[in-house]
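Notes follow once the structure below has been shown.
Nothing in this text is a laboratory measurement; each read-out follows from the coordinates by a stated rule. What you see is a predicted model; the values in this text were computed from it and never measured. All Cβ positions, glycine included, derive from the backbone under ideal geometry; neighbour counts span all protein chains shown.
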Amino acid sequence: APSSPVSLTVNGRPRTVTVDNRTSLLDLLREHFGLTGSKKGCNAGACGACTVLVDGRRVNSCLTLAVRLEGAEVTTIEGLADGDQLHPLQQAFIDEDAFQCGYCTPGQIVSGVGCIREGHTGSPEEIREWMSGNICRCGCYVKIVRAVQQTAG
Ligand code: FES
């Protein structure tokens, strides 16, 4: 299959790789870069476990072709903390006990960061609506929304 070179920035680090043109951003992150925080739930755009930020916007990395990301800035769950200092939303998830099995959590947190940046945090209902692409099979939605709302301030 044809492959192409692509240069992008991942969590502040410039990266250049040659990948099969069909490779998803999710597989690029997990298999080429060893960044396994982004999870493969459905691999079809339906669960949000693979959510990352591309140029500050939330995307399902399972649906995003890596070769399309020339020059893009990608932020994953691994890129949110500042050294030993957790991102405020990461801390809020701990404080609010906003997870059970944890599989959806990286996607929830990255999506929550996007939701806060976009300003969709006026009410619990608004947060729930704007994070509706992130499914939690354990049903932690109330606590997830509370963590996002608390972080948004
Ligand atoms: Fe990408 Fe489910 S793994 S949306």
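Quick notes on this structure:
- The chain - charge dipole about Cα centre, Lys and Arg +1 at Cβ, Asp and Glu -1, debye rounded to 20: 360
- Each of 75, 98, 85 was placed along the dipole of region 48-98 (beta-carbon charges, centred on the mean Cα), and the one lying farthest toward the positive end is 75.
- All Cα-Cα distances of the chain, cut into 10 Å bins from zero to the largest, leave 12, 42, 32, 12, 2 percent in each bin in turn.
- DSSP-assigned coil residues among trypsin sites (Lys or Arg not before Pro) in region 1-102, each with at most 14 further Cβ atoms within 10 Å: 22
- Cα shape, region 1-45, gyration tensor, a/c 1.5 rule: oblate
- C-alpha center-to-center spacing [region 139-153, region 1-32] in angstrom: 32
- Here the relative contact order of the chain, from alpha carbon pairs under 8 Å that lie six or more residues apart, stands at 23 percent.
- Between the amide H of residue 19 and those of 4, 6, distances stay under 5 Å, these residues lying 5 or more places away or on another chain, with hydrogens modeled in the peptide plane.
- Relative contact order of region 88-152, defined on C-alpha pairs under 8 angstrom at six or more residues apart (%): 50
- Cut-off under 5 Å, modelled amide H: who pairs with residue 81 long-range: 87
- Under Karplus coefficients 6.51, -1.76 and 1.60, residue-wise ³J(HN,Hα) of region 141-150 in Hz, glycine/proline x: 4, 4, 6, 4, 4, 4, 5, 5, 5, 4
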